[in-house]
Amino acid sequence: MRKTFVLGVALLAGTLLAFAGVKARTLEISFGDTTSVAGIQLKAGNYEVRVNAEQTVAAFYRDGSLVARVAVHDQPSTAKFVDNEFIVESQTLKEVHVGGTMDNLVIDGPAKTK
């Protein structure tokens, strides 16, 4: 009886830890000029970027309204990023480095609609 209880508690704890590690992220970004994200033009200004728990979609919000959804994939870095970094080349957002992690999210293109 005691072994079954201990095994059950251990399994529950392991399950909770597995789910606790997966969560969505929200980042803030400010563009000084019009910037393209997966072919979508974003005007200069402040945006909230929400990355889903699976790190496959990044949604860009401006003033609470969804303005773009893009597909991303994680290309892990060899070192942790200290701060959030947004890599822009030729006025096109290419990558998002998530501060405090080794997550390098590469923009793949427009996200598929649900």
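Throughout, read-outs are computed from the coordinates displayed, never taken from laboratory work. Remember, predicted model here, so these are calculated numbers, not experimental data. A quick note on method: Cβ atoms are made from the backbone with ideal geometry, for glycine too, and the neighbour counts reach across all protein chains shown.
Key figures
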| read-out | value |
| --- | --- |
| Relative contact order of the stretch 24-110, pairs being alpha-carbon contacts under 8 Å that are 6 or more residues apart, as % | 26 |
| Dimensionless Rg/Rh of the stretch 28-102 - Kirkwood Rh, Rg from C-alpha atoms | 0.94 |
| Extended-chain gain in nm, criterion 0.36 nm per residue less alpha-carbon gap, N52 and F81 | 8.5 nm |
| At R0 = 25 Å, FRET efficiency that the Cβ-Cβ distance of S30 and K112 yields, to 0.05 | 0.35 |
| Charge context of K43, other residues only, Cβ under 13 angstrom, K/R +1, D/E -1 | -1 |
| Dipole magnitude of the stretch 24-110, debye to nearest 20 (Cβ charges: Lys/Arg +1, Asp/Glu -1, about Cα centre) | 180 |
